[in-house]
Structures are given as C-alpha cells and as structure tokens.
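One structure is given here, and the rest of the page talks about it.
The values are calculated or read from the model by the stated rules, or taken from the named source; none is laboratory data. Computed from a prediction, not measured in an experiment: that's the story for all the values here. As a convention, Cβ positions derive from the backbone with ideal geometry for all residues, glycine included, and neighbour counts pool all protein chains shown.
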Amino acid sequence: MILMGEEMREMVLQEVQREMLINMLAQGKRMDEREKYGYRKVNVQKGVLTTAEGSALAQIGDSKVLCGVKFGEMTPFADRPTEGVFMVMAEFLPLASPVFEPGPPSPESIELARVVDRGIRSAEVIDTKSMFITEGKVLAIFIDLYVMDHGGNLTDTAALAAAAALSDTKVPKVVDNKIVRGDYVGPLNLPDKPLTCTFIKVGDHLLLDPLREEERAAECQLTVGTVDGYVVCMQKSGTGSLKKSEVMERVDVALKKGNELRDLI
Amino acid sequence: MVGSPAPDKPVLFQDGKRLDGRALDELRPLKIVAGVLKEADGSAYVEWGGNKVICGVYGPRECIPKHDANPYKALMKCRYTMSPFASLEEHGRSGPNRRSTEISKVIKEAYDSVVMTGEYPKTQIDIYVDVLQAEGGTRIAAIAAATVALASAGLPMKDMISGVAVGKADGQLVVDLGKAEDNFGESDMPIAFKHRSKEIVLMQMDGKLTPEELSANIDAAIEGAEKVYALQAEALRKSYDVTEKQEFRM
C-alpha cells in the first residue's frame with residue numbers, strides 16, 4: 001500500500017484533473033456530460049428532524065447538507081435593543097471528506113457560513129423586529145449547516161438547505177418571557193427564499209454547479225445569491241480573476257436558475 | 001443521557017406496556033443503511049427510535065501526527081459528536097465536550113479488539129460518528145452505525161459488534177431505554193458484544209442494581225443485540241445489491 005497524505009493527494013489530483021478538464025472543455029464537454037449552466041440532480045427533504053424548530057436535507061449531486069434551525073433566548077446587541085438576532089454556522093464534518101479535519105472551523109467553513117448568512121440578511125427575509133421578548137431579552141435563531149458529504153458546490157447546497165429549513169420553521173410560543181419547547185404560535189414568516197448559484201472559472205469557461213473534480217481544477221469561483229429579481233450577495237473566491245462581462249452574464253443565469261431552484265423547495 | 005430532565009417524572013408503565021407502547025424486551029424501530037456517503041471509505045446511517053446517527057470511516061490512511069504511528073498496527077481513532085440541534089431543549093454547542101470525548105474513547109476501544117489493525121502498520125483508521133438527532137441510547141446507535149461503516153469500508157474484522165442499552169425503570173428490567181426511561185429510570189447500561197463469542201467489548205453502567213439484576217440485564221442485552229446484528233448484516237447485504245440503488249433520505 002502506498003501511503004500518501006491527504007494534502008499530497010489533493011495536489012496530485014489538482015494537476016491531473018485540471019489537465020483532463022481543460023482537454024474535455026476544448027471538445028465542448030463537461031466531466032459528467034452536463035451543459036455549462038446545468039445543475040446536477042437536486043433533492044430537498046424538509047422536516048427531517050423532530051428536535052429542531054425547522055430542518056431540511058439538501059442534496060445536489062453527491063453533496064449533502066443538513067440544516068437545523070433552533071430558537072433560543074439572548075441578550076440583544078446594544079445598538080439594536082429591540083431586535084432579535086439570527087446566526088448561520090457551518091460545520092464541515094470530518095466524515096464528509098478526507099480533507100476535512102477535526103478541530104476549529106476552517107476558513108472555508110467560515111466563508112461558506114458567512115456567504116449564506118449575508119444572503120439571508122440582505123434579503124431581509126427574517127423579521128428580527130418581531131423577535132423582541134422584553135427589555136434585555138430577544139429571540140435568537142440558530143441556523144446550523146451540517147456538511148455531510150462533499151461532492152462539490154457546498155455553497156449552493158448549504159444555501160438551499162438553509163432556505164428550505166427556514167421555510168419549514170415553526171416559531172415557538174413564549175410564555176412569561178420564556179420559550180415553551182414543543183409549543184408553537186405558527187410558521188416563521190418567510191417572504192422569499194434567498195439561494196445562491198456558484199460558478200467556477202477554468203480558462204475562458206465558467207461552469208455552474210461544479211463537481212468536486214471541477215472545483216479542484218478551478219482558478220476561481222463566483223457565487224451569486226438571489227431572491228426573485230434581486231441579487232442579495234456575491235462572493236468571488238480563489239486566486240484567479242473575472243471580467244465585468246463574465247460577472248454580468250452569470251448574474252443573469254443566477255437570477256433565472258435561482259427561481260428554478262426555489263420552485264423545488 | 002441527553003439534555004436536562006423535566007421536573008416531573010412521567011408514568012413509565014401503563015397496563016404492562018412502556019410509555020411508547022413497547023413490551024419490556026422490545027426494541028424501538030431500527031433502520032440501518034450502509035454506504036450512504038460517497039467521499040467516505042465506508043459509511044452508514046442509522047435511525048433508532050428518535051435517534052438519527054451518521055457514521056463515516058476513513059482509512060487505513062497516513063497517520064497524523066506521524067510520531068503517533070505504531071510500527072506494528074493501525075491506530076484506531078473515533079470522534080463521536082452531537083449536533084447543536086440534536087435535542088428538544090436549547091441550542092447546544094457543536095464539537096467535542098467531556099461527555100463525547102469519553103464516548104469516543106470507549107467506542108474506539110471496542111473496535112480496536114475486532115478490526116485487524118495488525119494488517120496496516122503505521123496507519124490510522126478514523127471513525128467519525130455524528131448524532132444528528134438524539135433520543136436516548138445514542139452511543140449504542142453509534143455502535144450500530146460504526147460496525148456497518150467499518151465493514152462497508154472493506155476493513156477485515158474478526159467479528160461484528162452489536163449492542164443495546166438495558167436498564168431498570170420503575171423496578172422493571174427494560175431493553176433499549178427511551179429518553180424518559182433513561183432520564184427517570186433507576187439504571188442505564190449500554191453494552192455491546194462481539195457477535196459470535198458474545199464477549200463484551202463496551203460496557204458502561206450507572207444506577208443501582210443487585211448482582212442478580214445485573215446478570216439478567218446482560219442476558220437480555222445479548223438477545224437485544226442479536227436483533228441489531230440481523231439488521232446490520234441485512235444493511236450490508238443490501239448495499240452490495242446493484243439492482244436496488246437507493247437515494248439517501250432521512
């Protein structure tokens with residue numbers, strides 16, 4: 001048996017798969033024969049947990065992300081004493097990939113959580129003003145993203161899981177300024193579902209919904225978050241660069257594809 | 001075991017049946033699926049009553065840090081953790097804590113006795129278990145998943161491990177404790193066996209039992225574990241059935 005560390009394995013795969021991808025793209029083909037703006041099979045299952053106030057399992061291709069939404073009580077931020085808070089956290093479980101290690105959150109998992117958070121925050125879909133309990137106490141919504149299998153494009157899978165879980169969320173009853181577990185006032189008001197569309201750039205090509213293999217070969221990545229008709233967050237990551245025209249074309253694609261994904265929730 | 005107990009103790013038995021209508025020696029519904037993850041070398045998903053547990057296995061692979069490597073055998077490692085949304089109560093913290101660190105240790109040691117680690121010197125084998133939803137008996141559900149995940153990773157094992165929690169609630173011997181029986185019962189004893197020899201590879205106990213009760217508990221656990229084994233073997237068999245490719249559902 002040849003023992004090779006995961007980092008070394010990644011470096012070798014990166015070289016091999018980049019060459020393979022460029023050769024295939026020159027023949028107008030993607031590794032899995034998909035069109036450049038096509039998604040893999042998308043599957044959303046809502047209400048998968050009974051212990052959380054909202055939950056969903058999203059799968060895009062082989063990628064799997066579970067989202068659990070829990071309510072809590074918290075001291076509000078000093079500058080917004082009457083507004084509730086929400087936060088998005090992502091956990092890259094070590095079982096999801098040979099390159100995910102146990103330990104403190106990696107920069108990648110923090111970036112993913114913050115991109116999803118920005119989408120939900122800018123879209124203003126959560127009415128934090130309705131989450132006031134009493135002076136010095138507000139409701140908090142914890143949105144936890146559990147990455148369980150890394151088949152590429154974790155950002156879109158996670159945003160999909162989060163939006164689906166929020167649309168499944170019930171608001172708990174508050175009695176005597178305390179949450180009553182298991183008793184609900186009704187569904188969380190969610191006027192829209194912010195989702196993301198992620199592209200990778202290889203040479204002059206930009207491909208939607210990258211496979212793990214395509215991500216390895218990519219120069220950079222562009223994520224466009226949308227609600228119906230609006231862009232709500234963007235993130236370019238990786239070392240390469242993008243032209244304005246390249247960005248604008250993908251914004252149009254993201255607005256269209258975002259609506260198709262929203263219909264699946 | 002999980003979360004903080006409510007102040008009022010519920011009635012644990014009614015008309016000779018348990019809270020959820022089970023007989024004393026009856027297990028909660030148990031579903032095991034092998035090979036649910038693509039990236040992991042081996043994996044399994046288990047739903048046991050209200051428990052939902054996913055397990056992924058990696059290895060044998062390079063041992064990190066290198067100075068931990070054993071020149072004679074593979075190093076078994078286990079990381080059991082509970083999700084922040086696993087319990088009905090408030091949002092928990094993700095990552096390991098004192099409880100999960102102990103559970104990780106006893107799980108790892110159980111498998112160290114069956115996986116043929118001597119075949120893979122200087123390497124490590126990682127068992128990652130994540131409890132997505134908890135309802136009492138999560139370490140035993142983790143064992144149900146980890147055995148199947150290790151086998152589906154193709155690792156040679158001397159035997160399979162299956163277990164069940166037994167205990168005492170309102171003076172009665174019960175098999176596969178639910179959350180209320182766990183919180184309000186007098187004793188809880190998770191226990192796991194090698195399938196063929198019935199040797200104990202994991203055992204923990206809290207509560208107060210006479211030696212006679214303890215002996216009866218172990219006998220009841222052997223029977224319970226046998227039912228778990230049958231489902232583990234079935235899950236593995238199904239995962240090699242190419243005609244029945246199932247998609248992952250929770």
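Would you point out which residue out of B:LEU173, B:LEU202 is more than 16 Å from the chain's Cα centre (by Cα) and part of a strand (DSSP E or B)? Write out each step before concluding.
Working: B:LEU202 fails: more than 16 Å from the chain's Cα centre (by Cα).
Exactly one residue qualifies, and that residue is B:LEU173.
Cβ contacts < 6 Å: first residue closer than 18 Å to A:PHE71 by Cβ and hydroxyl-bearing (Ser, Thr, Tyr), restricted to region A:151-167; second residue modelled with pLDDT of 95 or more and surrounded by fewer than 24 Cβ atoms within 10 Å (Cβ to Cβ), any location; separation 6+ or different chain. Result?
A:SER167/A:LEU190
Limited to region A:188-206, what total is found for residues that are in contact with a helix residue (DSSP H, G or I) (Cβ under 8 Å, 6 or more places away or on another chain), within 22 Å of A:VAL44 (Cβ to Cβ) and not charged (D, E, K, R)?
9
Just to be sure before I move on: is A:SER122 within 14 Å of chain B (Cβ to nearest Cβ) and hydroxyl-bearing (Ser, Thr, Tyr) in the structure I sent? Steps first, please.
Numbers: within 14 Å of chain B (Cβ to nearest Cβ): no; hydroxyl-bearing (Ser, Thr, Tyr): yes.
Against the criterion (within 14 Å of chain B (Cβ to nearest Cβ) and hydroxyl-bearing (Ser, Thr, Tyr)), A:SER122 does not qualify.
All but one of (1) closer than 30 Å to B:GLY59 by Cα; (2) facing chain B (nearest Cβ under 9 Å); (3) part of a loop (DSSP other than H, G, I, E, B); (4) not hydroxyl-bearing (Ser, Thr, Tyr) hold for A:LEU66; state the number of the condition that does not hold.
(3)
Quick one: is A:LYS236 more than 14 Å from every other protein chain (Cβ to nearest Cβ), of a type outside the set (A, V, I, L, M, F, W, C) and either surrounded by fewer than 18 Cβ atoms within 10 Å (Cβ to Cβ) or part of a loop (DSSP other than H, G, I, E, B) (or both)?
Values: more than 14 Å from every other protein chain (Cβ to nearest Cβ): yes; of a type outside the set (A, V, I, L, M, F, W, C): yes; either surrounded by fewer than 18 Cβ atoms within 10 Å (Cβ to Cβ) or part of a loop (DSSP other than H, G, I, E, B) (or both): yes.
So A:LYS236 passes the test.
Looking for whichever is among the aliphatic types (A, V, I, L, M) and either surrounded by 23 or more Cβ atoms within 10 Å (Cβ to Cβ) or within 16 Å of the chain's Cα centre (by Cα) (or both) here; the options are A:ILE179, A:ILE200. Which one fits?
A:ILE200
Being within 30 Å of A:GLU219 (Cβ to Cβ), within 10 Å of chain B (Cβ to nearest Cβ) and surrounded by 12 or more Cβ atoms within 10 Å (Cβ to Cβ) is the filter here; which residues of region A:8-57 pass it?
Initial filter on region A:8-57 (within 30 Å of A:GLU219 (Cβ to Cβ)): A:8-43.
Still in the list and also within 10 Å of chain B (Cβ to nearest Cβ): A:8-9, A:41, A:43.
Once the filter is applied, which keeps residues that are within 30 Å of A:GLU219 (Cβ to Cβ), within 10 Å of chain B (Cβ to nearest Cβ) and surrounded by 12 or more Cβ atoms within 10 Å (Cβ to Cβ), region A:8-57 yields A:ARG9, A:ASN43.
Conditions (1) free of Cβ contacts under 8 Å to residues at least 12 places away in the same chain; (2) in contact with a strand residue (DSSP E or B) (Cβ under 8 Å, 6 or more places away or on another chain); (3) surrounded by fewer than 16 Cβ atoms within 10 Å (Cβ to Cβ), marked per residue:
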position	(1), (2), (3)
A:ASP62	no, yes, no
A:GLY68	no, yes, no
A:PHE77	yes, yes, yes
A:VAL85	no, yes, no
A:GLU91	no, yes, no
A:PRO94	yes, yes, no
A:PHE100	no, yes, no
A:GLY103	yes, no, yes
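This table checks each residue for (1) within 14 Å of chain B (Cβ to nearest Cβ); (2) over 27 Å from A:ASP62 (Cα atoms); (3) crowded, with 24+ Cβ neighbours inside 10 Å; (4) not aliphatic (A, V, I, L, M).
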site	(1), (2), (3), (4)
A:VAL174	yes, yes, no, no
A:VAL185	no, yes, no, no
A:HIS205	no, no, no, yes
A:GLU213	yes, no, no, yes
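Of the residues that make up region A:125-146, is at least one surrounded by 15 or more Cβ atoms within 10 Å (Cβ to Cβ) and part of a helix (DSSP H, G or I)?
yes
Tally time: how many residues in region A:74-112 are facing another protein chain (nearest Cβ under 8 Å) and part of a strand (DSSP E or B)? Before you say what the answer is, go through the steps one by one.
Residues of region A:74-112 facing another protein chain (nearest Cβ under 8 Å): A:89, A:91, A:93-98, A:102.
Subset that is part of a strand (DSSP E or B): A:89, A:91.
Looking only at that region, the number is 2.
Let me spell it out: the conditions are (1) in contact with a strand residue (DSSP E or B) (Cβ under 8 Å, 6 or more places away or on another chain); (2) part of a loop (DSSP other than H, G, I, E, B); (3) basic (Lys, Arg), and A:ARG18 meets all of them except one. Which number is the exception?
(2)
If A:MET4 passes every condition in (1) among the hydrophobic types (A, V, I, L, M, F, W, C); (2) more than 10 Å from chain B (Cβ to nearest Cβ); (3) part of a loop (DSSP other than H, G, I, E, B) but one, which one does it miss?
Failed condition: (2).
Restricting attention to region B:230-250, which residues are more than 21 Å from B:ASP159 (Cβ to Cβ) and buried (at least 18 other Cβ atoms within 10 Å of the Cβ)?
Looking only at region B:230-250, we keep the residues that are more than 21 Å from B:ASP159 (Cβ to Cβ), and these are B:241-250.
Correct list: B:PHE248, B:MET250.
So which residues in region A:147-173 are in a strand (DSSP E or B) and among the β-branched types (Val, Ile, Thr)?
Looking only at region A:147-173, we keep the residues that are in a strand (DSSP E or B), and these are A:147-149, A:170-173.
Answer for region A:147-173, where residues must be in a strand (DSSP E or B) and among the β-branched types (Val, Ile, Thr): A:VAL147, A:VAL171.
Within region B:18-48, restricting attention to residues that are among the small types (Gly, Ala, Ser) and surrounded by 20 or more Cβ atoms within 10 Å (Cβ to Cβ), which residue is nearest to the chain's Cα centre (by Cα)?
Of region B:18-48, the ones among the small types (Gly, Ala, Ser) are B:21, B:23, B:34-35, B:40, B:42-44.
Okay, now just the ones that are also surrounded by 20 or more Cβ atoms within 10 Å (Cβ to Cβ), so B:34-35, B:40, B:42-44.
Working: B:ALA34: 14, B:GLY35: 17, B:ALA40: 19, B:GLY42: 16, B:SER43: 14, B:ALA44: 11 Å.
Result: B:ALA44.
Residues of region B:154-169 being part of a loop (DSSP other than H, G, I, E, B) and either at positive phi or buried (at least 21 other Cβ atoms within 10 Å of the Cβ) (or both), which ones?
Kept after step one, since they are part of a loop (DSSP other than H, G, I, E, B), are these residues of region B:154-169: B:154-156, B:158-160.
B:GLY154, B:LEU155 - these are the residues of region B:154-169 that are part of a loop (DSSP other than H, G, I, E, B) and either at positive phi or buried (at least 21 other Cβ atoms within 10 Å of the Cβ) (or both).
Could you list all residues from region A:102-152 that are among the small types (Gly, Ala, Ser) and under 22 Å from A:ALA52 (Cβ atoms)? Show your work before the answer.
First, pick out the residues of region A:102-152 that are among the small types (Gly, Ala, Ser): A:103, A:106, A:109, A:113, A:119, A:122-123, A:130, A:136, A:140, A:151-152.
If the condition is that a residue be among the small types (Gly, Ala, Ser) and under 22 Å from A:ALA52 (Cβ atoms), then A:SER109, A:ALA113, A:GLY119, A:ALA123, A:SER130, A:ALA140 are the ones that fit.
For region B:29-131, please list each of the strands (runs of 3 or more DSSP E) lying entirely inside it that holds at least 2 residues being more than 12 Å from chain A (Cβ to nearest Cβ) and touching a strand residue (DSSP E or B) at 6+ places or on another chain (Cβ under 7 Å).
Fully inside region B:29-131 and qualifying: B:30-34, B:42-48, B:75-82.
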